Amino acid sequence: ALQLPRADYLSPVAPQPWHFRQSVDYSVTANKAILDYAARHKEQLLHNIWLMGKNAIERGNRDSWTVTPKVVAAAKGVRGGAAEFEKFFRDPTKRDPRGYIIPADQSDFLTATKFVNVLLATGVQVHQATEPFAIKGRSYPAGSYVVKSAQPFRAHALDMFEPQDHPDDFAFPGAPPTPPYDAAGWTLAYQMGVQFDRLLENFEGPFQRLPEIVGPPAGTVTEVKGATGFFLTAATNDAFRAVNQLLVAGEEVYRLRKPIEFKDQKYPAGTFYVVKAEKTQERLEGIARRLGTSFRGSPDRPGEGAIRLKPARIALWDRYGGSMPSGWTRWLLEQFEYPFHVVYPPELDKGDLRAKYDVIVLVDGALSGGGRAAGGGDAPPPDVGVVDELGLPAEYRGRRGRISTERTVPQLKKFLEAGGTILTIGNSTSLATMLKLPVENHLVLADEQGRERPLGRDKYYIPASVLRAKVDTEQPLSWGLGDEVDVMFSGSPTFRITTEAKKKGIRPVATFAGKTPLRSGWAFGQEYLDGGIAVLDIPVGKGHLVLFGPQILFRAQPHGTFKWFFNGIVRSSEQPE
C-alpha cells in the first residue's frame, strides 16, 4: 500500500537504506521548488492574494453565511425549493458577524490584550476605541478592542472567534469515528477566556487602528495615602506573575482565605495582599507599568483571614528524550516567572521529596509509559537497559526510567502525606487509582448484568475540542475564575467520586453540567459527560492530589484555565502561622 501514489504522496520511495542526509535534501529540494514556482509566477500569485483580500473585504461588508456540517445535517432529507433553502442556509440569526467588540471592562483585560496581539501578529486588523461609545444600547469603555470582518484576513479572524463545527465522521454506518489529524476545535477566544460581543450589523465608533502589537494597558497604584498595604485581584493571570516578582524581591505577600470588606470595598477570597515596606510602593508602580496589574492601598490589614506566601519549590516531571507537554509547561512557567526544577523518574524514586519540593507537576503522559499524548505527539521513552548509561553525555545520565508502581508511587504517596501537592493533568490523573483513592471513571455503561464497562468508541469519542464546564468558585483552586469556563478536552479522563469521598467532604472543583457541553469541535456522545467531574482536589494526609482531567495547559494556549494551575502552585507555598 505504501507504494501506491496518492494525493499527499505522489512519488513513493522504494525500500532502501535511509540516511538523515536524504531527509535534509528532501526538505531543501521541496523548499527550492516552492521558491522557484513563486519566482516564475509572481505576478499571478500577487494578483491572487490581492484578489483574495478584496473578496474578503467585500464579503465582510454584506450579509453572509458559513455553511457548517450541522446545518447540512439538519437540512438533510428535506425536500423543497427556495423557502426551505432560506430556512436552513439563510437564517438571519445565524449569519456571519460584521465584527466583534472586546470590552475593556472585563475582569482579565490583560489576557484579552494578549489575544489581540496574537491577531495582530498574524495580520488581522484590530482597532481600539479612543473614547467610550455605545452600540444598540450597550455601552463600552474607552480602550475596548474592535475587530471588523471587512478585512483581508477575515477568514482567520472568524476562525479565532467562531466555534469550529467538525462533522460526525464515520467511514461507513456502524464504523467507529474517524480521528481527525489534530484538534477538532480550537477557538482561541474561548480557550483564552476572552469576553466579546458578536455584532451582526455594520457599526461605527471612535475607533483607531492599532499599527502594531501593543503592550499591556498600564495598571495603577491607588489610595496610597495612609496605606499599610495593597490589595491585588486574582482575577487576572498576570497577578500571579506580579506576586512571583514581589516574592523574589523579598516583599511580604499574603492571600485572603475568606472574603473581607473595608470601607465598602469588598475583597473576595483569593485576593493578594502586599504589606507596605520601604520600597514596596516603588516596586508596585514599576510592576503596574510593566505588567498592567493594579494595586489598591488600604490602611487596614486582613489579619487572621490571610495566609503568608513564599516562593513555591516546583518540580516539573520530564523524561529521557523529552516530553512535549512538559516542554510547553516549562515555557509557561518561565513566562510567568515561576522558579522550577525539572525532575526525572530516577530522582523521584530516591525519595525525600518533601524536603526539596512543595509541588510536583505530572503533565499528560507522565504515567502513560509513552504513546501519543494529547499535548503533543510524544514517543515512548526507551526501556531501561536499551541505552548504555555511560555512552550518554554526562548531562543526560540519570534521566532514564519511568514512573513505576513499585518504586515511584510509594515515594509520591509519602510526599503527599507529608504535606506536598501533586498536580496531575490528563492521563497522569491515573495516580489516584494507583493510590486507591475514592475516585472512579464516570464514562462507563452498565451491561445487562449490571457490570460497568468503559464506554466504547461506538458510543463516545471526543478528540481535542473546547467544552464548557461549571466551576465551584468557593474552592481555593478556582479563586479568580468565573462560574463557567471553557476547557480544552481531548479524550480526557472524567471522574465520579464514591459515597465514601462525599462523606469525607470531597467536592468537585469543576463538572460538566448538561447534555451539550461542546463549544467548539466534535463531541460524539457528549451527553455521557453530564454530571461528570472535570477537576477534583483530594486531600491525602497533609497534602493534596489535584486531578485536572482536561488539558488545562494545552500547548500553552488555554489562558482561561491557567488559574487552576497557578492556584495549585500558590496553595503549596502557603505558610501557616
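The values are calculated or read from the model by the stated rules, or taken from the named source; none is laboratory data. Note that this is a predicted model, so its numbers are computed, not measured. Quick reminder, even Gly has a Cβ in these numbers, built from the backbone with ideal geometry, and neighbours come from all protein chains shown. Just so you know, the surface numbers come from the protein's heavy atoms only, side chains and all, with ligands and any DNA or RNA stripped out. Shrake-Rupley method; radii C 1.70, N 1.55, O 1.52, S 1.80 Å.
Couple of notes before you dig in:
- For region 397-502, the Kirkwood hydrodynamic radius from C-alpha pairs, put into Stokes-Einstein at 25 °C and a viscosity of 0.890 mPa s, yields a diffusion coefficient of 145 µm² per second.
- Given charges at Cβ of Lys, Arg, Asp, Glu: the chain dipole, positive-most of Val24, Leu333, Leu188: Leu333
- Virtual paramagnetic centre 7 Å along Cα→Cβ of Ile135, amide N under 14 Å, in region 178-200: 196-200
- Straight-line cross-link partners of Lys42 among the lysines, defined as a Cα under 26 Å from its Cα and at least 8 positions apart when in the same chain: Lys32, Lys54.
- Ranking Arg62, Arg198 from most to least accessible surface, computed with a 1.4 Å probe over the protein chains only, gives Arg62, Arg198.
- The label-point distance for Asp300 and Lys502, in a model that sets each label 7 Å from Cα toward Cβ, rounds to 3.9 nm.
- Evaluated over region 197-295, the Cα radius of gyration and Dmax, each in Å: 16.9, 54
- Helix-only CD estimate at 222 nm, as mean residue ellipticity for the chain, using -39500 (n - 2.57) per DSSP H run (n ≥ 4): -7500 deg cm²/dmol
- Cα pair distances exceeding 45 angstrom across the chain, given as percent: 25 percent
- In summary, the lysines within cross-link reach of Lys225, defined as a Cα separation below 21 angstrom excluding same-chain residues under 8 places away, comprise Lys263, Lys266, Lys276, Lys279.
- Of Lys136/Lys515; Lys502/Lys542; Lys470/Lys542, pairs whose Cα-Cα distance is over 30 Å: Lys136/Lys515
- Cα gyration tensor shape of region 429-577, rounded if a/c is under 1.5, else prolate or oblate by comparing a/b with b/c: oblate
- Using every pair of separate Cα atoms, the Kirkwood estimate puts the hydrodynamic radius of region 131-285 at 20.5 angstrom.
- Compactness check for region 135-217: Cα Rg over 2.2 N^0.38 Å is 1.52.
- Dipole magnitude of the chain, debye to nearest 20 (Cβ charges: Lys/Arg +1, Asp/Glu -1, about Cα centre): 180 debye
- Hull-based mean projected area of region 210-356, where the convex hull spans the alpha carbons, in square nanometres: 12.1 nm²
- Two-decimal Rg/Rh across region 173-224, once Rg and the Kirkwood Rh are taken from alpha-carbon atoms: 1.20
- The chain, accessible surface, carbon-and-sulfur percent (1.4 angstrom probe): 54 percent
- Global form of region 536-577, assessed from the alpha-carbon gyration tensor, a/c cut-off 1.5: oblate
- Longest exposed-site-free window of the chain, the sites being chymotrypsin sites (Phe, Trp or Tyr not before Pro) in a DSSP loop that have at most 14 other C-beta atoms within 10 Å: 182-577
- Scattering profile of region 213-252 at q = 0.16, 0.23 Å⁻¹ [log10 I(q)/I(0), Debye over alpha-carbon scatterers]: -0.53, -0.99
- At q = 0.11, 0.16, 0.18 Å⁻¹ the log10 of I(q)/I(0) for region 262-346 amounts to -0.51, -0.85, -0.95, computed by Debye summation with a single uniform scatterer per C-alpha, solvent ignored.
- Remark: region 23-131 is approximated by an ellipsoid whose semi-axes, taken from the C-alpha gyration tensor as √(5λ), come to 35, 28, 17 Å, largest first.
- Rg(Cα)/(2.2 N^0.38 Å) for region 1-64, N = residue count: 1.80
- Accessible surface of His127, taken over heavy atoms with a 1.4 Å probe and every protein chain present, rounds to 50 Å².
- Cross-link reach is defined here as a Cα-Cα straight distance under 19 Å, omitting same-chain residues fewer than 8 places apart; for Lys504 the aspartates and glutamates meeting it are Glu417, Glu440, Asp472, Glu474, Asp537.
- The trypsin sites (Lys or Arg not before Pro) of region 99-195 that DSSP puts in a loop, and whose beta carbon has at most 15 other beta carbons within 10 Å, are Lys136.
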